[in-house]
Each structure stands twice: as structure tokens, then as C-alpha cells.
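The values are calculated or read from the model by the stated rules, or taken from the named source; none is laboratory data. Remember, predicted model here, so these are calculated numbers, not experimental data. Counting neighbours? That spans all protein chains shown, and the Cβs are built from the backbone with ideal geometry, glycine included. Side chains included, ligands, DNA and RNA excluded: accessible areas come from the protein's heavy atoms. Shrake-Rupley method; radii C 1.70, N 1.55, O 1.52, S 1.80 Å.
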Amino acid sequence: MALAMQVNKFPCIPLAPTSAGVVKKCVSPTHALVSFRYGDTKVVPTSFITPVGGAMPCPMLQVGDYVFAKIVIPKGFDFYVPGIVIALPNQDASSEKLYTVLKCNNRREFCPRSALIKISQNKYALSCSHIKSPPVQEDPK
């Protein structure tokens, strides 16, 4: 029970869908109840959850690193999209602080370091496959 209480405070990024939410409760050793910012609540496999916020490591990024890029849409919701860093900020120009990221849909995004979370190649591949796969149809019963 202490784990559920501790996890409850962490905002997270479930990989499918890739929107931000908060873990409300661990329902089993492999699943958690997540309350998404857009109002929905779902049980998500814990392997699909990436903690954000708080004391998080912020390693240097290099070209070729896999990341989640934070995208904010006009309605105020933020989503995290898997991508690959393809260009670093120009160190000579102090005003340029944006990384160039190629998102999994082959579109470029320019992001500050604070909007990027470094992930593994496996997590990148997993999240891309969930985004590209057709949604699972729920039983109409």
C-alpha cells in the first residue's frame, strides 16, 4: 500500500495514448489507474508509464537520442510524442536554445530542453508501434 501512496503523487506519461496524466492507484503489480488531463481515467500497464516532474535526471542530448517531445495543443492539453533528436541548439548563438526533433510521423518539431525526456530505443519503438496500430475495439456488451 505504501507504493500506491507514493506513486499517487507522480505525474506520468502513459505511452498509449501519449497524453499526460497522474497515477491514482496501483491496481496490480503490472497495472495502474491513470487519470488523464483531458478528463478520462483508464487502467494502464505500468510498463507504459514514464514518470515526469520532480527530481528527474536531465542528461545531455546528442543527435540520434530517442526522446518524448512535449507538444501543447491550442485547447491547453499537452501530449508527449516519440521522436529522435536530429539537430542540437547552436552553441555560438545564445538566443538559439531549441533542439530539432523528428517525430514518429516524420514531422519536425523545435523544442526547448525542458520539453524533452530522453528514453530508450525500446521505449521509442514500443510507443511508435502503439501510436501506429489501430485502436482496440472494446466489447459493446
**OP:** Output the number of the condition that residue 93 fails; it satisfies all remaining conditions of (1) part of a loop (DSSP other than H, G, I, E, B); (2) open to solvent by less than 40 Å² (accessible area, probe 1.4 Å); (3) more than 20 Å from residue 126 (Cβ to Cβ); (4) modelled with pLDDT of 85 or more.
**Re:** (4)
Original post:
Between a first residue in segment 111-134 that is more than 19 Å from residue 56 (Cβ to Cβ) and a second residue that is modelled with pLDDT under 85, which pairs have beta carbons less than 6 Å apart while being 6 or more apart in sequence or on different chains?
Top reply: 130/15; 130/16
Original post:
Of (1) modelled with pLDDT of 90 or more; (2) open to solvent by 50 Å² or more (accessible area, probe 1.4 Å); (3) in a loop (DSSP other than H, G, I, E, B), residue 110 satisfies all except one. Which?
Top reply: (3)
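Any residue at all in segment 134-141 that is at pLDDT 80 or above, of a type outside the set (Phe, Trp, Tyr) and surrounded by fewer than 16 Cβ atoms within 10 Å (Cβ to Cβ)?
As a first pass, look at segment 134-141 and keep what is at pLDDT 80 or above: none.
Scanning segment 134-141 turns up no residue that is at pLDDT 80 or above, of a type outside the set (Phe, Trp, Tyr) and surrounded by fewer than 16 Cβ atoms within 10 Å (Cβ to Cβ).
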Original post:
Are any of the residues in segment 70-77 at pLDDT below 80 and open to solvent by less than 40 Å² (accessible area, probe 1.4 Å)?
Top reply: no
**OP:** State which residue pairs qualify: first residue in contact (Cβ under 8 Å) with a residue 24 or more places away in the chain and over 16 Å from residue 108 (Cβ atoms) and inside segment 62-90, second residue outside any strand (DSSP E or B) and open to solvent by 30 Å² or more (accessible area, probe 1.4 Å) in any location, beta carbons under 8 Å apart, and separation of 6 or more residues or different chains.
**Re:** 62/88; 77/37; 77/38; 78/37; 79/17; 79/73
